[in-house]
Amino acid sequence: MKSWLCRVLLLVISILISLPQISFGKAVVLSKGKNQFFFRGAMFLTDGNFILPLFIRSEKEGNFDPIRTRVVKTPTEGGIRETIPRKYQERFAEWKKEFLETDLGKEQWERYTKNKNFILTIKVSAEKNQGARTDEYLWDEKGNFVGATITLGNNLEKGFPEATYYPVMSSLSLRGINHSIDQKILAATKIAHELGHVNQTFNETKEEFVLRHKLGTEYIKIFLSNGHNPRDRHLLDLAERMGGTPVKIWESREYWSEVNALLFLNEKISNENFYCRVFNQINRNIEDLAKNYEDRFERAINSNSIGAICKK
């Protein structure tokens, strides 16, 4: 069996168990093809090296939209809007408190609270369970990024994502320390990851963001109809216009968000006796699984002296 196929199968198992960005819908179909997998309404697309979760919005195959966006009038009374069902308010308050106990958490939360031209909606939903998702991106008529929605699972403090795309969050599952780590820290780290998605979107224009996802949808439809041939000239052209394949774009966004999770976690557990074990595991994960994205993590590590104590 080809090595990449072995990796795909292992990733499928771990991703289906726990992946923060995946929102499973109704149980529509459970099947697999040469380069795709379907599970509970979510499609996983692989190019032979990585798996990309796509979010199908109806039961008709191919009718999907990875990230929802819309254009609105520029907000004037924005800020953070917490839409939390009463039964989840107490646990959300604990997650939020944990996040705000760091300077990074306070700075980012305050930034969005005071920005009246931006609406950050935060929800808690049983549909996300142990995961979370950032979508419903808002742009005004001038092309400014003016809003997004973060939906947190009602069991956010449980479930460790797999290391391939989440080298930071997964490090908290280390044997011997996972029982020592307060579950609220895991939940707060997932919040930091999701805020990372919001933060990085400010670096894109509306035209880039919308075009990339429009072409991404076109890319996937062609891929599903051409016998799953990633070397199709139409796909190569789309990838060039998008700045990469949908898989590469998706994984890059996840790794940028993991940088934000790293900055939060470094501050949160810096005085804990398991700090170096976690930091060393993060380094191993990046070295083994995210080599192409090592530079972005190294810049964060070096500029914030992360793990310096572990090198003595």
Top-ranked residue in the stretch 285-312 [being more than 14 Å from N266 (Cβ to Cβ) and polar (S, T, N, Q); ranked as least open to solvent (accessible area, probe 1.4 Å)] = N285
A careful count of residues in the stretch 200-259 that are over 25 Å from K190 (Cβ atoms) and either open to solvent by less than 60 Å² (accessible area, probe 1.4 Å) or among the polar types (S, T, N, Q) (or both) gives 23
If you scan the stretch 156-181, which residues turn out to be assigned to a helix (DSSP H, G or I) and touching a residue at least 60 places away in the same chain (Cβ under 8 Å)?
-> M169, S170, S171, L172
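Any residue at all in the stretch 113-122 that is on the phi > 0 side of the Ramachandran plot and out of contact with any helix residue (DSSP H, G or I) (no Cβ under 9 Å at 6 or more places or on another chain)?
For the stretch 113-122, residues on the phi > 0 side of the Ramachandran plot and out of contact with any helix residue (DSSP H, G or I) (no Cβ under 9 Å at 6 or more places or on another chain): absent.
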Taking the stretch 210-229 and keeping residues in contact with a helix residue (DSSP H, G or I) (Cβ under 7 Å, 6 or more places away or on another chain) and either of a type in the set (S, T, Y) or in contact (Cβ under 8 Å) with a residue 60 or more places away in the chain (or both) leaves G216, Y219, I220, F223
Looking at F274, is it in contact with a strand residue (DSSP E or B) (Cβ under 8 Å, 6 or more places away or on another chain), under 30 Å from K97 (Cβ atoms) and surrounded by fewer than 19 Cβ atoms within 10 Å (Cβ to Cβ)?
-> no
Residue tally, condition farther than 13 Å from W95 by Cβ and either surrounded by 19 or more Cβ atoms within 10 Å (Cβ to Cβ) or free of Cβ contacts under 8 Å to residues at least 60 places away in the same chain (or both), over the stretch 182-199 | 3
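Working only within the stretch 226-271, note down all residues that are part of a loop (DSSP other than H, G, I, E, B) and over 23 Å from R299 (Cα atoms).
Going residue by residue through the stretch 226-271, those that are part of a loop (DSSP other than H, G, I, E, B) are 226-232, 243-245, 270-271.
Those that are part of a loop (DSSP other than H, G, I, E, B) and over 23 Å from R299 (Cα atoms): N226, G227, H228, N229, P230, R231, D232, T245.
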Identify all residues within the stretch 140-176 that are in contact with a Gly (Cβ under 8 Å, 6 or more places away or on another chain) and under 27 Å from V210 (Cα atoms); write none if there are none.
-> V146, G147, G153
May I ask you to list the residues in the stretch 129-161 that are surrounded by fewer than 22 Cβ atoms within 10 Å (Cβ to Cβ), under 21 Å from A93 (Cα atoms) and of a type in the set (K, R)?
-> K158
S125 vs. criteria of a type in the set (S, T, Y) and open to solvent by 20 Å² or more (accessible area, probe 1.4 Å) = yes
Identify all residues within the stretch 249-298 that are without any contact (Cβ under 8 Å) to a residue 24 or more places away in the chain, under 22 Å from N199 (Cβ atoms) and not polar (S, T, N, Q); write none if there are none.
-> E294, D295, E298
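The values are calculated or read from the model by the stated rules, or taken from the named source; none is laboratory data. Just so it is clear, the structure is predicted and the values come from calculations on it, not from any experiment. With ideal geometry, Cβ positions are generated from the backbone for all residues, glycine too; neighbour counts draw on all protein chains shown. Only protein heavy atoms, including side chains, enter the accessible area calculation; ligands, DNA and RNA are left aside. Shrake-Rupley method; radii C 1.70, N 1.55, O 1.52, S 1.80 Å.
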